[in-house]
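Okay, so here's the structure we're looking at.
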Amino acid sequence: MYRPAHFVEDRVEVLHELIRRRPLATLVAMHGSTLDADHVPVLIDAAAGPYGTLRGHVARANSLWRSVAEGSEVLAIFQGEGHYVSPAWYPSKHVDGKVVPTWNYVVAHARGPIRYRHEPDWLHDLVTTLTATHEMPRPEPWRVSDAPPDYIAAMLRAIVGFEIPLASLTGKWKMSQNRSAADREGLAAGLTRESPDVRR
């Protein structure tokens, strides 16, 4: 990932927070001679290793666990907020016209060796934690225990778990840090007018 110095974000706690807020990873791996990507919700265990460990699962029918060897390096991409930036928002447009469109965005890249998990108890703990994490804000959270045990057991047999102990974790926060304060204020005002749902 190209990261000019003013866009670099390498604070582990900040990157972990992005993963927690946007846990749907784009998981990129070499399947034999083909580069492929899966889209998988994951959990970050911040205490497991210097950069943390990702945990998730894929369908047993997914070729990932058969065609990507245990220990192979994979890349998990987490996309945060992003938005098109119009040059019309910059006050400097009226000074010298030397502005162009761009895109502001937040992203984290997490790399490490993939390990597969097939143990029913491990998988049960994983899906219970995943479910609790995403159901927590709901007024009446659904729980894995709400479904019949034999049904859950059958569902667990249909998935393969994975862990990725992270060997590296890098981020890019491209938020117009290279623009003047006036241009950044103009950008914020433009976003507020045209996309009021975008968080500043």
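The values are calculated or read from the model by the stated rules, or taken from the named source; none is laboratory data. In this text, all values refer to a predicted model and were calculated from it rather than measured experimentally. Quick reminder, even Gly has a Cβ in these numbers, built from the backbone with ideal geometry, and neighbours come from all protein chains shown.
So the values come out like this:
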read-out	value
Selection count where residues are of a type in the set (Asp, Glu) and assigned to a loop (DSSP other than H, G, I, E, B), scope the stretch 138-178	1
Flag if Ser67 is in contact with a strand residue (DSSP E or B) (Cβ under 6 Å, 6 or more places away or on another chain), hydroxyl-bearing (Ser, Thr, Tyr) and touching a residue at least 24 places away in the same chain (Cβ under 8 Å)	yes
Test: residue in the stretch 59-70 that is aromatic (Phe, Trp, Tyr) and under 18 Å from Lys172 (Cα atoms)	no
Selection within the stretch 1-56 - farther than 15 Å from Ala108 by Cβ and basic (Lys, Arg)	Arg55
Members of the stretch 124-143 found to be closer than 16 Å to Arg21 by Cα, of a type outside the set (Ser, Thr, Tyr) and touching a residue at least 60 places away in the same chain (Cβ under 8 Å), listed by number	Leu130, His134
Selection from the stretch 140-174 of residues that are hydroxyl-bearing (Ser, Thr, Tyr) and surrounded by 12 or more Cβ atoms within 10 Å (Cβ to Cβ)	Ser168, Thr170
Filtered residue count, the stretch 87-137, keeping only those that are modelled with pLDDT under 95 and of a type in the set (Gly, Ala, Ser)	3
Strands (runs of 3 or more DSSP E) enclosed by the stretch 21-136 - at least 2 residues per element that are crowded, with 19+ Cβ neighbours inside 10 Å and touching a Phe, Trp or Tyr at 6+ places or on another chain (Cβ under 8 Å)	53-59, 102-113
